[in-house]
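> The following block contains the structure, expressed as structure tokens.
The values are calculated or read from the model by the stated rules, or taken from the named source; none is laboratory data. Quick caveat, the model's predicted, so the values are computed rather than measured. Methodologically, a virtual Cβ is constructed for each residue, glycine included, from the backbone with ideal geometry; neighbour enumeration extends over all protein chains shown.
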Amino acid sequence: PFLQALASHQNNSEGTVMMPSLNQATALSAEVLNDRPVMQYKETHQAGLYEFQLKGDSQKKLFAVQPDQSESVLRKIDDDELPEAAGIIHWDGGTDGKNFEDKVQEARVGAEYWLLVFLIVLALAGLETYLAQKFSQSA
């Protein structure tokens, strides 16, 4: 079952749970469970994606019930499998012949500023040391 904990001031809240594939919404009202207001939906017998929304709130929360275990496999996808999944990940295959791994590497490696920041910090530390020695000397 789906269980959404609510804040203590939301003990009179209402909400809906909907399975988008069925276009059927079920109204829920807050109930107290272990001295805490919650919304509970027990009719999760059909596998799929559900939407939960509090009444008056524009934000929807999605939750999956009995997900297909094969969707949770975290193995690396080969480049020849990409066209099949391109609709999901918006991958056009590229026109320049680069493979997916090269494209990802190119996108995530941008300008690296750590060396510049390190040199600035080193220069400031050197300047601070020089100034401390210059002004601490007795004349």
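> Of A64, A47, which residue is of a type in the set (A, V, I, L, M) and touching a Gly at 6+ places or on another chain (Cβ under 8 Å)?
Values: A47 fails: touching a Gly at 6+ places or on another chain (Cβ under 8 Å).
Only one candidate qualifies: A64.
> Would you point out the residue of the stretch 74-122, among those that are hydrophobic (A, V, I, L, M, F, W, C) and assigned to a loop (DSSP other than H, G, I, E, B), that is modelled with the lowest pLDDT? Full working, then the answer.
The first filter runs over the stretch 74-122 and keeps only residues hydrophobic (A, V, I, L, M, F, W, C), leaving 74, 77, 82, 85-86, 88-89, 91, 100, 104, 107, 109, 111, 114-122.
Now restrict to residues that are assigned to a loop (DSSP other than H, G, I, E, B): 74, 77, 91, 109, 111.
Working: L74: 77, I77: 71, W91: 57, V109: 72, A111: 65.
Checking each candidate, the answer is W91.
> Next up: Have a look at F52, F63 and point out the one that is under 26 Å from the mean Cα position of the chain (by Cα) and in contact (Cβ under 8 Å) with a residue 60 or more places away in the chain. It would help to see each step written out before you state the result.
Details: F52 fails: in contact (Cβ under 8 Å) with a residue 60 or more places away in the chain.
After applying the criteria, what remains is F63.
> For the stretch 60-78, what are the residues that are of a type outside the set (S, T, N, Q) and under 23 Å from H45 (Cα atoms)?
So the first thing to find is which residues in the stretch 60-78 are of a type outside the set (S, T, N, Q), and the list is 60-65, 67-68, 71, 73-78.
If the condition is that a residue be of a type outside the set (S, T, N, Q) and under 23 Å from H45 (Cα atoms), then K60, K61, L62, F63, A64, V65, P67, D68, E71 are the ones that fit.
> Same structure, new question: Any idea how many residues of the stretch 7-37 are farther than 18 Å from L62 by Cβ, out of contact with any helix residue (DSSP H, G or I) (no Cβ under 6 Å at 6 or more places or on another chain) and either of a type outside the set (G, A, S) or touching a residue at least 40 places away in the same chain (Cβ under 8 Å) (or both)? Before the answer, list the steps.
Looking only at the stretch 7-37, we keep the residues that are farther than 18 Å from L62 by Cβ, and these are 7-14, 27, 29-37.
From what is left, the residues that are out of contact with any helix residue (DSSP H, G or I) (no Cβ under 6 Å at 6 or more places or on another chain) are 7-14, 27, 29-36.
From what is left, the residues that are either of a type outside the set (G, A, S) or touching a residue at least 40 places away in the same chain (Cβ under 8 Å) (or both) are 9-14, 31-36.
Residues meeting the conditions: 12.
> Sticking with this structure for a sec: Filter the stretch 118-133 for residues that are more than 43 Å from the chain's Cα centre (by Cα) and among the β-branched types (V, I, T) and give the result.
Once the filter is applied, which keeps residues that are more than 43 Å from the chain's Cα centre (by Cα) and among the β-branched types (V, I, T), the stretch 118-133 yields only T129.
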